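Student: If you scroll down you'll find the structure; I have some questions about it.
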Amino acid sequence: MKQSIDRIIFTGDFLRPSDAQLRPTQHENIRWLAQTLSVPLHRACGLPQEVVHWDERWANTSRIDQATVTAIFRAFGRAATIQNWPAIFSADRLPASVEHLFLHYFRGALLIGFELPPYLANFCRRNDIPFIDLSFSPVRFMDDLLLDFSASDPAMNAAATPWETPEGLIALQTGAVSAHVAKSFPHPPRPNTLLVILQTRFDKVVIENGRFSTVLDHLEALHAVAQNYNAVLIREHPLERQEGVGKTLRRVLPNAKLTQENFYRLVGHHNLRGVAALSSSCVTEATWFGKKGHYLLPGFTPDRFTPGPSSVTLGDALITSDFWRDALQPAGIEVSAKDGLQLPFKPNRFRQQLRSAWGYNQIDTDIFAQWAAG
């Protein structure tokens, strides 16, 4: 029997600290999710809404502060640092004091999380608390960002499926994106080139055995992959160059050099034949363009962090009340009658709000901004 749901709580990985100091990192994403979905959810069901996140600015109605985060880490026997976060991130169980605190926050609610961490999804399953996770889709070259919807209840996932972005539409977009290389590409990749994507050091997708992994931990695997290609391009992460890593790779990989060329221009060119990375979404995206994808992190798949039994890839259906009426009904939530209202599609709505483009802006909005400036 489903437990009765008396409110909706927006949350996420509120225990993830900054790498520089003990500061929150996910509060803005959680607030974005809450504000984006607040009106369509209110129109769909009218349940009260709350936000549980770590934010030092009390004006943002945070429920968790630095002292609370420090105490939670201490309950795990660890200092509150980014280096210790991976062990908590993947925790199957919580210390009793933390379990009690989370029950105080979440009992009786439906959780809607931005990139819900395993420790919170596991907690919800233990305590029969329903949840929905919304995480960035690895496909980031559409006219707006897509998000993967994953609910704890398979019936909710099934109800969301009719709203899914069709795979055929994604395939059609690869042709439109690839056309950017046709008009002018003065320095294209050499035939049969492998592109190696470097990632930031502190990210959930590079966690391996409770610690952060780097491409240097998997040089042997990368070297074996590179043998099948005639040239190698290495693209450093624009926010974290890691020049020492790039130098090492140029030394050990055949015919390797650095590039700052846009990823989508590269992957759209016929000479680029493969993309390798520890766990970057670029590997998944490359397969859509007919390239060979190589994940170096053993056993990694794009759905590694999918907390529910399945996921549904969605676009701006998320800001439509009729979508939420469909998705919430299987959870036993009383919903209002459908109204057929849907905002017209607006390119880059989520991308601009989140200030997250992953290089797509360079072949889209930035081109026209440069023309206008000139």
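No value in this document is a laboratory result; all are computed from the given coordinates. Small disclaimer: the values here were computed from a predicted structure and weren't measured. Reconstructed Cβ throughout: ideal geometry from the backbone, glycine too, with neighbour counts over all protein chains shown.
Student: What net charge do the residues around Arg107 carry, taking every other residue with its C-beta under 13 Å from that of Arg107, with Lys and Arg at +1 and Asp and Glu at -1? Spell out each step's value before the answer.
Tutor: Details: positive: Arg7, Arg126; negative: Asp6, Glu50, Glu99, Asp128.
Summing Lys and Arg as +1 and Asp and Glu as -1 gives -2.
Student: I need the trypsin sites (Lys or Arg not before Pro) found in segment 170-247, filtered to DSSP loop residues with at most 13 other beta carbons within 10 Å of theirs. Walk me through the numbers before you get to the answer.
Tutor: On the way: sites: Lys183, Arg201, Lys204, Arg211, Arg235, Arg241, Lys247; in loops: Arg201, Arg241.
Passing sites in segment 170-247 are Arg241.
Student: What does the charge count around Asn29 come to, taking other residues whose C-beta lies under 11 Å from its C-beta (Lys +1, Arg +1, Asp -1, Glu -1)?
Tutor: Values: positive: Arg16, Arg31, Arg355; negative: Asp13, Glu28, Glu115.
Computed value for this residue: 0.
Student: Report relative contact order for segment 176-295 in percent, whole number only (criteria: Cα-Cα under 8 Å, sequence separation at least 6).
Tutor: 36 percent
Student: Ok, one more. How much length would be gained if the chain were fully extended between Leu22 and Arg7, taking 0.36 nm per residue of separation minus their Cα-Cα distance, in nm to one decimal?
Tutor: On the way: separation 15, 0.36 × 15 = 5.40 nm, distance 3.04 nm.
Additional length available on full extension: 2.4 nm.
Student: To continue, here is another question. Taking 8 Å as the Cα distance limit and 6 or more residues as the minimum spacing, I'd like the relative contact order of the chain as a percentage.
Tutor: Numbers: 652 pairs, mean separation 73.5, N = 374.
Averaging sequence separation for qualifying contacts and normalising by length gives 20 percent for the chain.
Student: Note down the net charge around Gly315, summing +1 for each Lys or Arg and -1 for each Asp or Glu among other residues with Cβ under 10 Å from its Cβ.
Tutor: Values: positive: Arg349; negative: Asp143, Asp144, Glu164, Asp316.
Cβ neighbours under 10 Å give a net charge of -3.
Student: Antiparallel as a % of all DSSP beta bridges within the chain, to the nearest 5? Don't skip to the answer; put the middle values down first.
Tutor: Details: 12 of 42 bridges.
Close to 30 percent.
Student: On to the next question. Show me, for segment 191-205, the HN-Hα J-couplings you get by feeding each phi into the Karplus relation (A = 6.51, B = -1.76, C = 1.60, θ = phi - 60°), rounded to Hz, glycine and proline as x.
Tutor: Ordered by residue, 3J(HN,Hα) equals x, 6, 9, 9, 9, 9, 9, 8, 10, 6, 6, 10, 9, 4, 6 Hz.
Student: Just to be sure I understand the model, the point goes 7 Å from the Cα along the line to the Cβ. What's the resulting Phe185 to Asn127 distance in nm?
Tutor: 5.2 nm
Student: Let me ask something else about it. Check which residues have an amide H placed less than 5 Å from Lys292's amide H, if you skip close sequence neighbours.
Tutor: Gly274, Val275
Student: Compute the convex hull volume of the Cα atoms of segment 176-295, divide it by the residue count, and report the result per residue in Å³ as a whole number.
Tutor: Numbers: hull volume 12.2 nm³, N = 120.
Each residue corresponds to 102 Å³ of Cα convex hull volume.
Student: So for segment 176-295: antiparallel DSSP bridges make up what percent, rounded to the nearest 5? Spell out each step's value before the answer.
Tutor: Working: 3 of 19 bridges.
Beta bridges within segment 176-295, antiparallel portion: roughly 15 percent.
Student: Note the full-extension length gain between Leu172 and Gln83 as 0.36 nm times their separation in residues minus their Cα-Cα distance, in nm to one decimal.
Tutor: Numbers: separation 89, 0.36 × 89 = 32.04 nm, distance 4.13 nm.
Full extension of this stretch gives 27.9 nm more.
Student: How big is the convex hull of the Cα atoms of the chain, per residue, in Å³? Could the numbers behind the result be given before it?
Tutor: On the way: hull volume 57.8 nm³, N = 374.
Dividing the Cα hull volume of the chain by its residue count gives 155 Å³.
Student: Using the basic label-point model (7 angstrom from Cα toward the beta carbon), what is the Gln329 to Phe345 distance in nanometres?
Tutor: With each label placed 7 Å out from Cα toward Cβ, I get 2.5 nm.
Student: Taking 0.36 nm per residue of separation and subtracting the Cα-Cα distance, what length does fully extending Thr301 through Ala75 add? Don't skip to the end; give the middle numbers.
Tutor: Values: separation 226, 0.36 × 226 = 81.36 nm, distance 3.14 nm.
That works out to 78.2 nm of additional length.
Student: Still on this structure: Ala158 versus Ala96, label points 7 Å from Cα toward the beta carbon: distance in nm?
Tutor: 4.0 nm
Student: Using alpha-carbon pairs under 8 Å, 6+ residues apart, how would you state the relative contact order of segment 70-129 in percent? Please report the intermediate quantities before stating the final value.
Tutor: Values: 40 pairs, mean separation 22.2, N = 60.
37 percent.
Student: Checking the table Lys204/Lys247; Lys204/Lys257; Lys183/Lys204; Lys257/Lys346 against a 32 Å threshold on Cα-Cα, which pairs fail?
Tutor: Details: Lys204/Lys247 25 Å; Lys204/Lys257 28 Å; Lys183/Lys204 38 Å; Lys257/Lys346 38 Å.
The answer is Lys183/Lys204; Lys257/Lys346.
Student: Ok, one more. Suppose R0 equals 51 Å. What FRET efficiency, 1/(1 + (r/R0)^6) with r the Cβ-Cβ distance, do Asp217 and Ser336 give to the nearest 0.05?
Tutor: Working: r = 52 Å, r/R0 = 1.02.
For Asp217 and Ser336, the calculated efficiency is 0.45.
Student: Still on this structure, please answer the following. Leu354 to Glu56: FRET efficiency via 1/(1 + (r/R0)^6), r the Cβ-Cβ distance, R0 22 Å, to the nearest 0.05? Intermediate values should be presented prior to the final figure.
Tutor: Details: r = 21 Å, r/R0 = 0.96.
In this case the efficiency is close to 0.55.
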